[in-house]
Amino acid sequence: MMILRPIQKSDYPALLNIAHESGHGFTSLPVNEELLQNKIARSEASFQKQTDIPFDEGYLFVLEDSETGEVVGTSAIEAAVGLDDAFYHYHLSKVIHSSRTLDVYKAVDILTLCNDYTGATELCTLFLKDGYRKGLNGKLLSKSRFLFIKQHQYRFADTVIAEMRGVSDENGQSPFWQWLEEHFFSMDFPTADYLTGIGQKVFIAELMPKYPIYVNLLSKEAQAVIGQVHTNTRPAIELLKSEGFTFNGYVDIFDAGPTVEAKVDNIRTVRSVQNKTARIGNAQGGSPVMVANDKLAEYRATVAELQVDAASEEVVISAEVANALNIVDGDLVSIATL
Ligand SMILES: NC(=[NH2+])NCCC[C@H](N)C(=O)O
């Protein structure tokens, strides 16, 4: 059985292993031992914290194979970005250059540096080990965040965003970054990405072009990747789109990958959440759903085949599922579609 739970100190070797395996372009898990340890500590503190306003909490989950005890994936939620350090995007918008007298009309795209998503909740750090990219594992890892957000809604903002990885090749070369590097940074993409991953972002404020950039002045290669995702990221963006996330012209400042956004209450999985009293018994038939206990530090979620009756306040779960969720008969569970 696959169980999603908060990360704990003892998961450090597994997290380091995932940081290695995820490679460059995976900004939020840089191979940096101190930083990874801090991430675990920060997550543990966030799950412990009594709060009802989102601030700088970061909730990091792992997916564990209960048969082997192996940690096979990660996913995370930042409660609110940009509240203790500026959080940047480029916003893609249009200006019209037209002259009626000369009969010239041109619509040009511009990119403007902004901090528009300050305070938004961010989905991040989604990674699933190679051998486990099958069945419902990916969906559980990604969508359980919506279930958790619904269960603890006061801990999160109304707007949820996800920054999708932009286009880069096997060597970490990004066409968009190449243009920036040439004119402004003199530093390669993996280095810049690593620096932001370890929280050293001052160089962005210092070196990033501050004035709007005319897109038609960028290299053709850079223009072509604005708002485009890395091939490996296609399934992730498709999943978010099916949840109701949309692209509103915000792109990453380094690789120009798209950021997608949704209002919490409009997210499909959030809307599907039902709270029930668990009855342990003979759970026969039914289709796969996500089911989670109602705890915080002891949070557990998994996939189970359940017969969910919208009209009933109860749901029958097997002893095995109850065991996985660490609950007893009569405890509350939340259920969401997969
Ligand atoms: N691919 C990147 N590392 N981009 C830079 C980080 C961007 C992010 N929005 C921030 O301000 O922290």
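Read-outs: derived from the displayed coordinates by stated rules, not from any lab. Not measured: the values here are computed from a predicted model. Cβ coordinates were reconstructed from backbone atoms using ideal geometry, including for glycine residues, and neighbour counts include every protein chain displayed.
Side notes on the structure shown:
- Burial ordering of M164, M290, fewest other beta-carbon atoms within 10 Å first: M164, M290
- Neighbour-count order for C114, C124, fewest beta carbons within 10 angstrom listed first: C114, C124
- Using θ = phi - 60° and Karplus 6.51 cos²θ - 1.76 cosθ + 1.60, couplings along region 210-223 (whole Hz; Gly, Pro as x): 8, 8, x, 9, 6, 4, 5, 8, 6, 4, 4, 5, 5, 4
- HN-Hα J in Hz across region 91-100 - Karplus 6.51, -1.76, 1.60, θ = phi - 60°, x for Gly and Pro: 9, 8, 9, 10, 10, 9, 10, 9, 9, 5
- In percent, rounded to a whole number, the relative contact order of region 192-338 is 21, using alpha-carbon pairs under 8 Å and six or more apart.
- Sorting the segments 253-263, 35-45 by their residues' average number of neighbouring beta-carbon atoms within 10 angstrom, most packed first, yields 253-263, 35-45.
- Taking all pairs of distinct alpha-carbon atoms in region 273-337, Kirkwood radius in angstrom: 11.3 Å
- Ordered by the number of other Cβ atoms lying within 10 Å of each residue's own Cβ, fewest first, R100, R234 fall into the sequence R100, R234.
- Evaluated with a Cβ-only charge set (Lys, Arg +1; Asp, Glu -1), region 125-255 carries a dipole of roughly 860 debye about its Cα centre, given to the nearest 20.
- Listed peptides 202-211, 104-113 appear in the order 104-113, 202-211 once ranked by packing, highest mean of other Cβ atoms within 10 Å at the front.
- Value of [θ]222 nm, deg cm²/dmol, for the chain, DSSP H segments ≥ 4, -39500 (n - 2.57) each, nearest 500: -7500 deg cm²/dmol
- Spin-label model, L239/N282: points 7 Å from Cα along the beta carbon direction are separated by 3.5 nm.
- Taken along the Cα-to-beta-carbon direction at a fixed 7 Å, the label points for T191 and Y211 span 2.7 nm.
- Tilt relative to the chain, helix 33-48 - C-alpha long axis, 0 to 90 degrees, to 10: 50 degrees
- Förster radius 56 Å - calculated FRET efficiency between D85 and E305, Cβ distance, rounded to 0.05: 0.80
- The slack in the chain from S66 to D158, taken as 0.36 nm per residue of separation less the alpha-carbon distance, amounts to 29.8 nm.
- Cut-off 17 Å (backbone N to label point 7 Å along Cα→Cβ of E298), residues of region 1-40: 4-8
- Centre separation in Å (Cα based) which lies between region 318-338 and region 1-71: 23 Å
- Length-normalised contact order for the chain - Cα pairs under 8 Å, 6+ apart - percent: 18 percent
- The charge dipole of region 273-337, taken about the Cα centre with unit charges on the Cβ atoms of Lys, Arg (+1) and Asp, Glu (-1), comes to about 120 debye, rounded to the nearest 20.
- Helix 137-151 and the longest principal axis of the Cα set of the chain meet at an angle near 80°.
- Shown here: the chain, whose C-alpha atoms stretch 78, 47, 37 Å along the first, second and third principal axes, sorted largest to smallest.
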